[in-house]
Amino acid sequence: MSKTLGDRASLESTETVENTEAQPRLGRNDREVIVVGGSAAGLFTAATVARGGRRVRVLESKPQFEPTPRTLIVTDHFRHQMGAAACKSIINEIRRFELFTDGRSAQIALNKPDLIVERSRLISALAREAEQAGATLSFDTRFLGIGPNARCLRLGVESIGKQ
């Protein structure tokens, strides 16, 4: 079904994703992995899976990534887990805390600094990493649901505009 919304076309479609148990003749790397949502978690997952040799597509309902600038405080483990994307998004480090109560204070030094991360930078860096790893980003694509379809799975999506 197709109808025009201004200069954009609305296209509703249902795509079929193969059931891995029903089709053993396909190689492991032939199956596409669908990631719903271009959050930091979704993009990190897409990049990791794509680097592992799988075809990956990220479904994002928005027309582009426009994350609201917002800072997060995370542990130093983030730097090692996220790699280059982490380094591009770190805007400061917390090396000690000062606590104040009833006119007294105490300082607590951290063995490893906590990190202040800018979320919008992180999303942008993870999107670049996912694409460089081979993941496809499908914008203006809203996930509707998933269900059985004979020997496959039916993935319902609504797409607006170009993909």
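Descriptive notes on the structure:
- Residues of the range 87-127 that turn out to be polar (S, T, N, Q) and closer than 25 Å to residue 64 by Cα, as a count: 3
- Any hit, the range 11-34, residues being modelled with pLDDT of 90 or more, among the aliphatic types (A, V, I, L, M) and in a strand (DSSP E or B): yes
- Test: residue in the range 66-79 that is crowded, with 16+ Cβ neighbours inside 10 Å, closer than 23 Å to residue 37 by Cβ, at pLDDT 95 or above and of a type in the set (Val, Ile, Thr): yes
- Some residue of the range 86-101 being in contact with an Asp or Glu (Cβ under 7 Å, 6 or more places away or on another chain), closer than 25 Å to residue 46 by Cα and assigned to a helix (DSSP H, G or I): yes
- Residues of the range 43-63 classified as open to solvent by 90 Å² or more (accessible area, probe 1.4 Å) and either in contact with a Phe, Trp or Tyr (Cβ under 9 Å, 6 or more places away or on another chain) or closer than 19 Å to residue 83 by Cα (or both), total: 2
- Set 83, 103: member being closer than 26 Å to residue 48 by Cα and over 14 Å from the mean Cα position of the chain (by Cα): 83
- Residue 94 surrounded by 15 or more Cβ atoms within 10 Å (Cβ to Cβ) and touching a strand residue (DSSP E or B) at 6+ places or on another chain (Cβ under 7 Å): no
The values are calculated or read from the model by the stated rules, or taken from the named source; none is laboratory data. What you see is a predicted model; the values in this text were computed from it and never measured. For neighbour counting, all protein chains shown are included, and Cβ atoms are generated from backbone atoms with ideal geometry for every residue, glycine included. What goes into the accessible areas is simple: the full protein's heavy atoms, side chains included, and nothing from ligands, DNA or RNA. Shrake-Rupley method; radii C 1.70, N 1.55, O 1.52, S 1.80 Å.
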